[in-house]
Structures are given as C-alpha cells and as structure tokens.
Amino acid sequence: MPPTPITFDKRDETDIRLVTHNVWNSSMMDPNYQEHFRRIYQALDPDIVALQEMYDNTNQLHSLFNSWFPNEQWYVSSQFRDNIIISKYPVLQQGFFTTSERTMVALLNTEDDLGKNLIIFNSHLSCCGNNDSRQYDADEFVSHWRDWRENDNGPFTLADSTPFIHVGDFNLVGYRQQLITLTEGDIDNENTFGNDYALDWDGSPIADLFSRHSHKRMGYTWRWDNSSFSPGKLDYVLYTDSVLDTSKHFVFNTLTMDSASLADYGLEEMDSYNSSDHSPRVLDIKIANVVGIGESIVPTIINVSAPYPNPFNPQTVIQIHLDKNTHLQVDVYDVNGRFIRQLANENFQSGIHEIAFINDGLSSGLYFIKIHNGAFHRTFKVLLLK
C-alpha cells in the first residue's frame, strides 16, 4: 500500500522551513536548468536554503531568488568554497569551520520567529572512497565545537543553548564511524583531536533526521542512472533536538509524484532529475517545548501494531499511533545482536505513522525491530524469507 503523500504546505505557518540541496556544479545558475529550479523552489517556498556545489558569485544567486520570490527580502552569506546559504533572515555571523574548508557556519537572525538565533552548519564532505578525509573532517568538527563551547574559541561568540542544524552533502558511502562521530561526538583520532564530546547542549547526541520521499516510501537523496553507484542517502540533516523540534520534513523528488500532485504544484515529472543528481531535503523547525520545574507532564500514548506481513519479503510495515508529538528511534538488529540499520530517529507528529523495514540485500533470517525513546521500549521479531 503506498504511503499517504506528504503535502508541501507547513503544518504551522510559524514554522521555519529549511532546504538543503547539492545543485550539481552550479547548475542552478545555468539558464538551461533554471526553469527546473524555479518550479522546485516556488513549490517548496523555503525560508532558509543551504546549497552545496554552488561556485558562482553571491550577487547572481541573490538576483535569482529575488526574481523567484519578488515579495520577499533575501540575504546571502559569503561563499565558503562551494557552500553558501541564502535566507529570509539576516546573516549575523559566518565563517569556515574546518581547515579543509568543506564546512561553513552561519548565525541567522531568527530570534523574532524562533525565539533564538539559529546556527547553520553547511557541509560538502569528500566523495567516494575518501574515508580518511571524511573522518578527519568529522573529528575536527567535534573538536572545534568542543573548543568553541568550552573555551569560547570559535568563529564568533556563541550564546548558550543556541540551536544548530548541520546539513549538507556528507557523502557517507563508507565507514559508519563517520556518522557516529558527527552525531555522538565519538572522535576516532583522539591523539590529534582530543577527547570525545557530546554535541547537544544537554550532553546527548544530536538527532539524525530520517525523511522519506513525499510520495513514496523511499529515503535515498542521490541518484544518477549513469553511475556505477546505486541510489543512496548522501544528504543529511542533524540537529540539536534538546532545543529544536521538527515539524514536517521530506525528500523532494518529482519522479515519485503522481501527475495530479505535479499539476497542483506547477511541477514537471523530470524537474528533480534534470536539475541535479541530488534531491532537496526539506525540514520545518520550531523551538522545542521544554517542561519547566513544577509543570505536570502528561504521558504520551504510543500504540504500535505488529509488523505486517511477517514473515516478509520485500518489506514489512509497522504502524504507530501517537496522541501527541513524540521523539522515537527505530533500530534493526540481527539475531546475534549486531546493529543493521536505523529506520527512524526523529520527532513524530501526533497521528498515524508507518515505518517500513525493506529488504535491500539482507540475508534471510530473523531480525529484531526495536522502537524506543527514554520512556518507551518495544521490540518485534520478524522473519525475512527469500
């Protein structure tokens, strides 16, 4: 059964919408591709855009967004290698964050709408088999964040509990340790970069947001049919979930949309594929609701249906019913307790959600799906048949 489409409107007009997008060697500035991009961005209507592989100058980008959104005021960061940010919010501070110059950081003036200013880290890490380079950048990121917080040694003054989002084309096609470092602060080379350091303000890991396509139960963000590589998730959204909440989020891909939806949003089927090999990731955010001392906490009601079908091939689906917004993590382990993959780690809105465990090259046998947060734990056993 296909999933319910995710519509492009915000759940709440006060949410702030961020789009991260690798635009394939500045193709956004190429007149041969601009109509694809115009349709995409007008359909998504972002507030903040983090771009990678943008090598053209900022004045051209500023003019382009002004022509697409003539009633909006846009602000453009400086260009940091091929990373750049364009935003409806003024850029207060900015700079490189790693010595490879593959990660930039900017502070946006979101205080009126978000309650606090917002830090955006925008990264384009080394591609393909460059595992050592990506791990070096990940280790250095944690080290610099630790020094910034502990010693005020950073590109600009850091206010306590400033929310941040780390987005971009991470190119994580190799070792899992790179993602562990970027989320949990587990430094691989401690001799060079020092001790591990938890990245969120409350001493916990930051969240790795998993999004599906708006109209299909798939999660890849990169696809190039002429490549030897299969489609994969190369583009990431990490965020400080102790101080930020997510609202609507999805991967934008016109190839997975039905003709009626394309027409509704003024899109064409090949807009995504003809504009870039990367799909935009879309995220709406708001400040986290923190319960103060003396306030009562109403428990969340979580109803989870058993995976169906079971046994399964090619996929089994778990349905989750929530009475209010809740953070859940869904992990898969094999019969020996080895971690296989993460199906979700995000803030879910109240309502009904479906989580799919898809066989994409797994061996037949027993697997365990663990659904949990700080107060809830549920594990299901499923059997993959071939």
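Coordinate-derived values only; no laboratory data. It should be emphasised that the depicted structure is a prediction, and the values quoted were computed from it without experimental measurement. Using ideal geometry, Cβ is built from the backbone for each residue, glycine included, and neighbour counts are taken over all protein chains shown.
Under the convention that each Lys and Arg Cβ holds +1 and each Asp and Glu Cβ holds -1, the size of the dipole of region 16-287 around its Cα centre is about 540 debye. Along region 266-277 the Karplus relation, 6.51 cos²θ - 1.76 cosθ + 1.60 evaluated at θ = phi - 60°, assigns HN-Hα couplings of x, 10, 10, 4, 9, 4, 5, 5, 7, 9, 6, 7 Hz to successive residues, with x for each Gly and Pro.
Short-range pairs are left out: with C-alpha atoms under 8 Å and at least six residues apart, the relative contact order of the chain is 14 percent. Counting lysine pairs in the chain that sit 8 or more residues apart in sequence, or on different chains, and whose Cα atoms lie under 12 Å apart gives 5. Working from label points 7 Å from Cα in the Cα-to-Cβ sense, the Asp258 to Thr7 distance is 1.5 nm.
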